[in-house]
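Written out below as structure tokens is the structure these notes cover.
The values are calculated or read from the model by the stated rules, or taken from the named source; none is laboratory data. Owing to the predicted nature of the structure, the values given are computational and were not obtained by experimental measurement. All Cβ positions, glycine included, derive from the backbone under ideal geometry; neighbour counts span all protein chains shown. Please note that ligands, DNA and RNA were not included when accessible areas were found on the heavy atoms of the full protein model with its side chains. Shrake-Rupley method; radii C 1.70, N 1.55, O 1.52, S 1.80 Å.
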Amino acid sequence: MRIWTGRAGSGKTRDILQEIAVQCGKESGRQILLVPELNSHQTERRLAAATGNHGARTAEVLTFSRLADRVFAEVGGLAQQVLTPAGQLLTLQEAARRVQGGLSAWSGLADKPELLREALRLVDECKTCAVLPEQLFAAAEESGEQALSAKLSDLAQLLTAYDRLCEQSLPDPRDRLTLLRDRLGESRLLDGTAVYLDGFLSFTPQELAVVDAMLGAGVPLAAAVTCDMAYPEIFVTGCRTVKTLSRMAKRHGQPVEQIALGCSKVARPAGLAAVEAESLLPLRTAHPEAKDGVRLYAASSPFDECEHAAAYIRRKVREQGARYRD
């Protein structure tokens with residue numbers, strides 16, 4: 001497994017796209033570039049540009065959800081209906097009714113719409129983080145705080161009833177990646193395919209489980225993570241992701257190669273470059289001449305900060321011809 005590391009703009013995505021372009025030219029196997037949902041369109045444009053619009057024959061950009069669609073289309077399950085957001089809420093309400101006798105902290109939950117929506121967010125979080133009801137029951141027993149123990153126990157009961165109802169009716173859409181992990185071994189989609197992970201600062205436990213399944217199946221994996229391993233106290237999340245991927249690869253007997261690309265290669269105003277390079281370091285160097293590209297604004301609240309930034313962006317677009325994607 002190869003892992004590219006480096007700060008934003010250091011060339012990680014460029015190197016991946018160049019490597020895919022070379023493989024496309026040789027027509028040696030297939031390549032899948034896995035990216036977050038919000039990055040897929042822009043990455044598809046960049047891949048097309050890097051391969052001269054000929055990469056679609058062997059390479060494609062997918063997200064985890066689209067990868068699930070491809071696998072289910074092959075092994076079955078693509079046409080399976082799932083709960084809509086309204087269906088999730090109604091199913092959770094029925095689950096709350098069935099266990100209301102055992103609820104303490106959340107008594108009367110089924111008749112409290114706002115609290116029910118908050119409970120659904122917790123259920124979604126448990127699904128995304130692969131937290132099982134048994135773990136919640138265990139945490140409730142180990143907790144020394146009575147209020148926290150009651151809430152964990154109620155959530156565990158609610159999640160248990162919710163899962164049973166989903167088994168009897170329609171599945172929860174949050175379970176798709178868990179099902180992808182379980183059925184990936186039945187698919188031939190990744191046979192002879194190199195998979196690249198780009199744009200992820202971290203992965204959810206469900207996504208990590210899918211990556212682990214790929215490693216277990218012997219799929220060649222490469223990843224790009226935005227971090228500087230020399231400053232783990234600053235790039236906390238990125239460095240943790242690199243360690244997690246390395247540990248998973250070694251567990252499956254795969255060697256790990258880290259490719260450090262260092263600092264940003266993108267040209268930017270001197271002031272902005274100084275802020276990016278040194279603003280979070282414990283000892284900073286003064287740059288009295290480097291002021292272009294940096295503007296300070298003292299906001300009274302986070303909302304005021306967002307409002308000011310939005311107004312600045314709209315003014316740049318309206319008066320100076322900037323693009324929103326800039």
query: Which condition does D228 not pass, out of (1) out of contact with any Gly (no Cβ under 9 Å at 6 or more places or on another chain); (2) within 28 Å of S279 (Cα to Cα); (3) among the acidic types (D, E), if it passes all the others?
result: (1)
query: What number of residues within segment 220-235 are assigned to a strand (DSSP E or B) and aliphatic (A, V, I, L, M)?
result: 5
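Among the residues of segment 71-81, count how many are touching a residue at least 24 places away in the same chain (Cβ under 8 Å) and in contact with an Asp or Glu (Cβ under 7 Å, 6 or more places away or on another chain). Let's see the steps before the verdict.
Initially, segment 71-81 is screened for residues touching a residue at least 24 places away in the same chain (Cβ under 8 Å), giving 71-72, 74-75, 77, 80-81.
Next, from what is left, pick out any that are in contact with an Asp or Glu (Cβ under 7 Å, 6 or more places away or on another chain): 75.
The number of residues fulfilling the criteria is 1.
Which strands (runs of 3 or more DSSP E) does segment 1-99 wholly contain that include 1 or more residues that are open to solvent by 50 Å² or more (accessible area, probe 1.4 Å)? Write out each step before concluding.
Details: elements: 2-6, 30-34, 59-62.
Passing ranges, in order: 2-6, 30-34.
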field: Positions within segment 184-242 being within 16 Å of the chain's Cα centre (by Cα) and without any contact (Cβ under 8 Å) to a residue 60 or more places away in the chain, in sequence order
entry: L201, S202, F203, L208, V211, D212, V236, T237, C239, R240, T241
- request: Please enumerate the residues belonging to segment 29-51 that are free of Cβ contacts under 8 Å to residues at least 12 places away in the same chain and within 21 Å of T193 (Cβ to Cβ).
  value: A48
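Yes or no: L132 in contact with a Cys (Cβ under 9 Å, 6 or more places away or on another chain) and either within 18 Å of L177 (Cβ to Cβ) or not acidic (D, E) (or both)? So that I can check it myself, show each step before the final result.
Working: in contact with a Cys (Cβ under 9 Å, 6 or more places away or on another chain): yes; either within 18 Å of L177 (Cβ to Cβ) or not acidic (D, E) (or both): yes.
Criteria met by L132.
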query: Does at least one position in segment 104-119 carry a residue that is closer than 19 Å to G87 by Cβ, within 31 Å of the chain's Cα centre (by Cα) and in contact (Cβ under 8 Å) with a residue 60 or more places away in the chain?
result: no
- request: Could you list all residues from segment 138-152 that are in contact (Cβ under 8 Å) with a residue 12 or more places away in the chain and not hydrophobic (A, V, I, L, M, F, W, C)?
  value: K151
- request: Filter segment 270-326 for residues that are under 25 Å from F235 (Cβ atoms), surrounded by fewer than 10 Cβ atoms within 10 Å (Cβ to Cβ) and touching a helix residue (DSSP H, G or I) at 6+ places or on another chain (Cβ under 7 Å) and give the result.
  value: T285
query: Within segment 236-269, can you find the residues that are surrounded by fewer than 14 Cβ atoms within 10 Å (Cβ to Cβ), among the aliphatic types (A, V, I, L, M) and assigned to a helix (DSSP H, G or I)?
result: V236
query: What do you reckon, is C306 without any contact (Cβ under 8 Å) to a residue 40 or more places away in the chain and within 22 Å of the chain's Cα centre (by Cα)?
result: no
